[in-house]
Amino acid sequence: MALRMWASSTANALRVSSTVSRTNFSLSRCFSTVLEGLKYASSHEWVKHEGSVATIGITDHAQDHLGEVVFVDLPDTGTSVSHGSSFGAVESVKATSDINSPISGEIVEVNTKLSETPGLINSSPYEDGWMIKVKPSNPSDLESLMGAKEYTKLCDEEEIH
C-alpha cells in the first residue's frame with residue numbers, strides 16, 4: 001500500500017500519463033484501467049453501446065476503491081432504469097454502494113454470474129463483471145457521458161484531492 005501511494009504521488013508530481021493503443025487501454029496516474037470506446041459517468045459506471053443494446057458496469061477505478069466485492073443486488077430483466085437513478089447495489093468488505101444508471105431504458109439482460117461470483121467485478125470489471133444490458137430509450141443520455149480521456153482526467157483529479 002505504501003509503495004502504491006508513493007508511486008501515485010510520484011506520478012502525480014511528474015504528471016505522468018500513459019496511453020497504450022495496441023492493447024486498447026490507457027493507464028491514468030491513479031493506475032486504473034480506462035478503456036477506449038466506452039462511455040463513462042462521473043459516478044464511475046461505464047457503458048458500451050453496440051447496436052440497439054448498451055452494456056453497463058462499474059469502472060476499474062470504482063471497484064478498486066470499493067475493495068473486494070462480496071455481494072451484488074441487481075434488478076430483473078424487463079425493469080426500467082432512469083439516467084442518474086440507482087438500479088442496484090454493490091456490497092464490498094468496506095461498504096455498500098448504490099449503482100446508478102448512466103442511461104435510461106429497459107433492462108434486456110442481467111449478468112446472473114455475479115450472484116454466485118461477485119468477485120468478477122474486481123477481476124474483470126469491463127468484461128466478465130458487466131452488470132446489465134439495456135435497450136436505451138434516450139440517445140442523448142449517451143452523448144452526455146465522458147470518453148476515456150475525460151474520465152481519466154476525472155480519476156486523476158480525484159486522486160489528487
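The values are calculated or read from the model by the stated rules, or taken from the named source; none is laboratory data. Just so you know, these numbers come straight off a predicted model, no measurement behind them. Cβ: placed from backbone, ideal geometry, glycine included. Neighbour counts: every protein chain shown. Side chains are part of the model used for accessible areas, which takes the heavy atoms of the whole protein and leaves out ligands, DNA and RNA. Shrake-Rupley method; radii C 1.70, N 1.55, O 1.52, S 1.80 Å.
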Fully extended, how many nm does the chain gain between residue 108 and residue 43 (0.36 nm per residue separation, minus their Cα-Cα distance)?
-> 21.2 nm
Mind checking the log10 I(q)/I(0) for the range 27-161 at q = 0.11 Å⁻¹? Debye, one equal scatterer per Cα, no solvent, two decimals.
-> -0.34
Share of carbon and sulfur in the accessible heavy-atom surface of the range 34-121 [1.4 Å probe, %] | 45
Please label the shape of the range 73-124 as rounded, prolate or oblate, based on the square roots a ≥ b ≥ c of the eigenvalues of the alpha-carbon gyration tensor (a/c under 1.5 means rounded; beyond that, a/b larger than b/c means prolate, else oblate).
-> oblate
Here are some pairs, 39/153; 113/149; 113/153; 48/153; which of them have Cα atoms lying more than 23 Å apart in this structure?
-> 113/149; 113/153
Euclidean distance between Cα centres, the range 118-133 to the range 69-115, Å = 12
With labels modelled as points extended 7 Å from the Cα through the Cβ direction, what inter-label distance (nm, one decimal) is found for residue 143 paired with residue 80?
-> 2.2
